[in-house]
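Let me begin by presenting the structure, written as structure tokens, before commenting on it.
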Amino acid sequence: MRENLCSIPVSEVFEPRDGCPICRMRDMLETRAVEFIMGDAMMDPDIRVQTNRIGFCEVHLRKMLADPNRLSLALLLHTRVAACAELIGHPPAKPDDTSLVSPPAACFTCEQIDASMRAMYETIYRQYGCEPEFRALVSQQAGLCLPHFRSLYARAEKRMPKALLAQFRARLVALTQKRQREVVSALDAYCRMHDYRSACGDWSAVRGAVEQGINYLTSREITDTLGRGSGARM
């Protein structure tokens with residue numbers, strides 16, 4: 001499966017110049033991974049052994065739940081829940097993490113996507129190092145979210161040619177700062193719209209500001225608690 005996931009050309013991901021390209025890459029990989037596990041792979045005995053042992057995180061269970069083929073998900077859940085009987089019969093004597101909010105969640109799909117993302121990052125560094133056209137494409141991006149800025153920036157030190165490291169990092173900083181300014185401006189306008197002096201203002205001008213802030217901080221597109229997407233009227 002990993003070869004299939006990594007077959008996405010990196011230049012294709014960067015070409016739209018709309019939003020964070022790494023978010024777009026992750027979303028494409030997630031779509032392929034969910035389609036894979038909900039398709040023929042669901043009946044592969046070797047993969048079922050792994051999914052029964054590892055399980056899935058909430059994010060990817062929700063994505064699988066959105067798939068119209070609920071039978072595949074039911075079959076995956078049936079054997080995974082049954083496999084969890086051992087956890088009930090042999091509970092840990094001590095908590096395996098310090099969180100009191102939720103237990104640590106391993107995820108088969110996360111592991112597959114993470115491996116593919118690492119390979120895609122390597123391709124980004126390699127293409128930036130040897131292709132002037134790709135360097136120009138990177139500089140033309142609309143922006144980066146904070147999590148993907150941090151991961152791209154940190155990994156570059158050991159993977160980017162020394163002669164281009166400072167330039168690459170400077171471009172990452174510029175793109176992320178550009179996105180940050182846009183998000184801060186949108187949130188500022190949204191908050192000012194709640195002032196009584198803006199009672200007759202145009203709410204369409206601040207549409208999606210809160211969702212933009214969450215996306216910038218987490219890399220995830222969200223729907224708010226009232227079921228409205230980022231394009232909905234506030």
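Over segment 147-216, what per residue volume does the convex hull of the Cα atoms give, in whole Å³?
For segment 147-216, the hull spanned by Cα atoms encloses 73 Å³ per residue.
Computed over the Cα atoms of segment 26-78, what is the ratio Rg over Rh, Rh following Kirkwood? Let's see the in-between values first.
Values: Rg = 10.3 Å, Rh = 11.2 Å.
Over the Cα atoms of segment 26-78, Rg/Rh equals 0.92.
Straight-line reach from K63: which aspartates and glutamates have Cα under 12 Å away, leaving out those fewer than 8 places along the same chain?
Within the straight-line limit of under 12 Å, K63 reaches these aspartates and glutamates: D27, E30, E35.
FYI, it's all coordinate maths here, none of it is from the lab. Just so it is clear, the structure is predicted and the values come from calculations on it, not from any experiment.
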